[in-house]
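The values are calculated or read from the model by the stated rules, or taken from the named source; none is laboratory data. The structure presented is a predicted model; accordingly, all values stated were derived computationally and were not measured. As a convention, Cβ positions derive from the backbone with ideal geometry for all residues, glycine included, and neighbour counts pool all protein chains shown.
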Amino acid sequence: MAWSIPMSGAEIPDTLRLSKKECLTIALQDNPTVKVADLEVKKMDYAKKEVIGSLFPSIDFSLSYQRSIELQSMSMNMGGQTNTIKMGTDNNWNTGFSASMPIINASLWKSIHISDTQILATLEQARGSRIDLINSINKAYYALLLAIESRDVVKQNYDIAKMNADIFKKQFEQGTASEYDVLRSSVQVTNIEPELLQADIAIRQCQLQLKVLMGIDSTVEILPNIRLSELKQEMYGLPEGFKKDISDNTNLRYLDLNKKMLQQNVALHKLAWLPTLGAQFNINWNAMSNGNALRNQTFNPYSNVALALSLPIFSGGRKLYALRQAEVQLKEMNFQRENLVNSLNMQIDLAIDNINRQVRQIAASEEGMKQAEKAYQIMQKSFEIGAATYLNLRDSELANTSARLAYLQSIYNYLISTSELDALLGNEEIK
């Protein structure tokens, strides 16, 4: 029965049987890393709006009050006599509004373009987080499938060993088997028990890792709705005419956006030599009086409008050296991109080789598993009629178990390689 994916905040049952696609859908909804990446995009959008806000008028209100403790005095010599005159008033109120607005500011305009590129870079980071999460979920889901089926193989081996031990015990009681055979078969059962326990631990660890990536409660039980061996039908290798294309690789796209920002930063430093023009408007009210500061105040308005032109002439070479630093950073970025492209091409070639080799490995492992199963069945019949020893039987059991585990491992390796290739190619499709 298919499981309908619960939305965030909905009640989740104690046990979930999920497909890999359902695990990915839940993880992309609830994983904290993805949520943080989305919030970063929102934060950069606010940062751009902050820069745009600098283009609009800035209006401020001010209010000040000054109380004179001792008025300023001025002495004048008149007709041989010195007269002292007190100047000013006890109270001085000043209030009003001021507005300023940039008219010509090339650096500010360029900053808006840089903000656009920063938003694109943050979006690419968020996309990269989703791709990394998809790859991690794929690996965790495949690891859980491998752990479950590996435990089944070990459990079957354990059941066979236990059955043989019971047979020898009954034969010993009837006098048809030696005590040595009983002890040897019993020891074999004891030797497999730690492997079975380790297999159970591996399943729990894989489940916990998957739950952490999905962002769900650790008390919820997660089980896959498919077996690892059932995925073999999809393993035909890469399609005919497959072409590697690294243009969607998230690391490369993020680096290109950073390179674009550095180019814009170089242009921004060059604009620092251009003049800026701004406008200002002020309207104020002033009141002066003696005595009580709150009574008999008469406010008189005054206002002015102004244009301010600023032309940089000399800054000690600070602007020039800042420009040189930006140009060096841009050159470094070009070398980093060249190195990244070479590294990505090498990793993709390696992933393709691994996939093609693992397709052949799956076929060889499957054939080896069939032969080991047939050899075990023959040895089992021979043992039953007394034509083979218990040691021969046990060797065939171990060979059969190893062949089955190798087959499961080859399927797992193929799936991991395809997931890695998708991540390198920047494929964020949920499969």
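You will find that of Ser396, Ser410, Ser417, the residue that is more than 30 Å from Lys162 (Cα to Cα) and surrounded by 18 or more Cβ atoms within 10 Å (Cβ to Cβ) is Ser417 and no other.
The C-beta contact set for the range 297-319 (first residue touching a residue at least 12 places away in the same chain (Cβ under 8 Å), second residue among the hydroxyl-bearing types (Ser, Thr, Tyr), distance under 8 angstrom, 6+ apart or interchain) comprises Gln297/Ser289; Phe299/Thr95; Leu309/Thr276; Ser310/Thr276.
When Gln409 is tested against (1) more than 18 Å from Asn157 (Cα to Cα); (2) at pLDDT 85 or above, just one condition goes unmet, and that condition is (1). Of the candidates Gln263, Gln209, the single residue that is assigned to a helix (DSSP H, G or I), modelled with pLDDT of 80 or more, surrounded by fewer than 17 Cβ atoms within 10 Å (Cβ to Cβ) and within 27 Å of the chain's Cα centre (by Cα) is Gln263.
Go through (1) touching a Gly at 6+ places or on another chain (Cβ under 8 Å); (2) under 30 Å from Leu350 (Cβ atoms); (3) surrounded by fewer than 17 Cβ atoms within 10 Å (Cβ to Cβ); (4) not small (Gly, Ala, Ser) one by one and return the number of the condition Lys244 breaks. If we test Lys244 against (1) touching a Gly at 6+ places or on another chain (Cβ under 8 Å); (2) under 30 Å from Leu350 (Cβ atoms); (3) surrounded by fewer than 17 Cβ atoms within 10 Å (Cβ to Cβ); (4) not small (Gly, Ala, Ser), just (1) comes out false.
Select from the range 118-176 the residues that are hydroxyl-bearing (Ser, Thr, Tyr) and either within 30 Å of Leu228 (Cα to Cα) or surrounded by fewer than 20 Cβ atoms within 10 Å (Cβ to Cβ) (or both) and list them in ascending order.
Matches in the range 118-176: Ser129, Ser136, Tyr141, Tyr142, Ser150, Tyr158, Thr176.
Applying the set (1) closer than 21 Å to Ala403 by Cβ; (2) without any contact (Cβ under 8 Å) to a residue 12 or more places away in the chain to Pro194 leaves exactly one unmet item: (1). Tell me, which residue of the range 1-39 that is hydroxyl-bearing (Ser, Thr, Tyr) and at pLDDT 80 or above is nearest to the chain's Cα centre (by Cα)? Checked the range 1-39; the qualifying residue nearest to the chain's Cα centre (by Cα) is Thr33. The residues of the range 144-180 that are among the aliphatic types (A, V, I, L, M), part of a helix (DSSP H, G or I) and more than 16 Å from Glu193 (Cβ to Cβ), listed by number, are Leu144, Leu145, Leu146, Ala147, Ile148, Ile167. In this structure, Ala387 does satisfy being within 30 Å of Gln188 (Cβ to Cβ), more than 29 Å from the chain's Cα centre (by Cα) and not in a helix (DSSP H, G or I). Of the residues that sit in the range 40-62 and are under 16 Å from Pro102 (Cα atoms) and of a type in the set (S, T, N, Q), which one is farthest from the chain's Cα centre (by Cα)? Checking each candidate, the answer is Ser58.
Consider Ser229 carefully, then state whether it is modelled with pLDDT under 90, among the small types (Gly, Ala, Ser) and farther than 21 Å from Val153 by Cα.
When the stated conditions are applied, Ser229 does not pass them.
Does Gln380 meet the test of being crowded, with 17+ Cβ neighbours inside 10 Å and free of Cβ contacts under 8 Å to residues at least 60 places away in the same chain? Against the criterion (crowded, with 17+ Cβ neighbours inside 10 Å and free of Cβ contacts under 8 Å to residues at least 60 places away in the same chain), Gln380 does not qualify. Would you say Ala351 is in the same structural domain as Glu230 (by TED's automatic domain parsing), part of a loop (DSSP other than H, G, I, E, B) and more than 30 Å from Leu268 (Cα to Cα)? No, not satisfied. Of all positions in the range 323-338, none carries a residue that is free of Cβ contacts under 8 Å to residues at least 12 places away in the same chain, under 22 Å from Arg151 (Cα atoms) and part of a helix (DSSP H, G or I). Residues in the range 66-82 that are surrounded by fewer than 12 Cβ atoms within 10 Å (Cβ to Cβ) and hydroxyl-bearing (Ser, Thr, Tyr) were compared, and the one that is farthest from the chain's Cα centre (by Cα) is Thr82.
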